[in-house]
Amino acid sequence: MNYSNLATQLRILADESRLEIIDLLSCNELCGHDILSYFNFSQPTLSHHMKVLVENRVVTKRREGNKFMYRLNNDILNNLKQSLDMISRPSSECICHSITEDCNA
């Protein structure tokens, strides 16, 4: 497991607006205008959040005519869920197996 990559992904998601954007996109592909209509912030602010999500592959973007359409990248989110499951539950790959317990000695 790459803890640095996991920490980066969690920092990206640790923003209330980006979490709301992900929630909005969980049902459907949406254009930027539709996403913006939900929020009380400016178009440049939305552009910033979308840029962060797209650059980190959490969201994909495609052009349709004169607008951009956004969709969740479920592969990235599923990998994130698996990584969180891995560090929160004991498994054969768990790093806890690399330490020696001396407290009971």
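The values are calculated or read from the model by the stated rules, or taken from the named source; none is laboratory data. Here the structure is a predicted model, which means the values were calculated and not measured. Note: ideal-geometry Cβ built from the backbone for every residue, glycine included; neighbour counts use all protein chains shown. For the accessible areas, the whole protein counts, side chains as well, though only heavy atoms, and no ligand, DNA or RNA atoms are used. Shrake-Rupley method; radii C 1.70, N 1.55, O 1.52, S 1.80 Å.
Relative contact order for segment 38-101: what percent, with Cα pairs under 8 Å and sequence separation of 6 or more?
The normalised contact order for segment 38-101 reaches 17 percent.
Kirkwood Rh, segment 1-44, all Cα pairs: how many Å?
This gives a value of 11.9 Å.
Can you show me the helix-derived [θ] at 222 nm for the chain, built from DSSP H runs with n ≥ 4 at -39,500 (n - 2.57) apiece and divided by the number of residues, rounded to the nearest 500.
-15500 deg cm²/dmol
For E55, E64, E20, E101, what's the largest-to-smallest order of accessible area, 1.4 Å probe?
Descending accessible area places them as E101, E55, E64, E20.
On C-alpha positions alone, give me the angle between the axis of helix 43-55 and the longest principal axis of the chain, in degrees, nearest 10.
Between helix and principal axis, roughly 40 degrees.
Over what distance in Å are the Cα centres of segment 4-35 and segment 47-105 separated?
Centre-to-centre distance over Cα atoms comes out at 12 Å.
In what sequence, largest accessible area first, do C103, C31 appear using a 1.4 Å probe?
Solvent-accessible surface, decreasing: C103, C31.
Note down the accessible area of M1, probe 1.4 Å, to the nearest 10 Å².
Probe radius 1.4 Å; accessible area of M1 about 100 Å².
Between helix 74-88 and the chain, what is the angle of the helix's C-alpha long axis to the longest principal axis, kept within 0 to 90° and rounded to the nearest 10?
The angle comes out at about 30 degrees.
Where the accessible area of the chain is counted over protein heavy atoms with a 1.4 Å probe, how much of it, in %, is carbon and sulfur?
Summing carbon and sulfur atoms, their accessible area is 49 percent of the total for the chain.
Can you find, among N74, C31, L84, the residue sitting farthest towards the positive end of the charge dipole of the chain, where Lys and Arg contribute +1 and Asp and Glu -1 at Cβ?
C31
Using the alpha-carbon atoms, what tilt in degrees (0 to 90, nearest 10) does helix 16-25 show relative to the longest principal axis of the chain?
Result, in degrees: 70.
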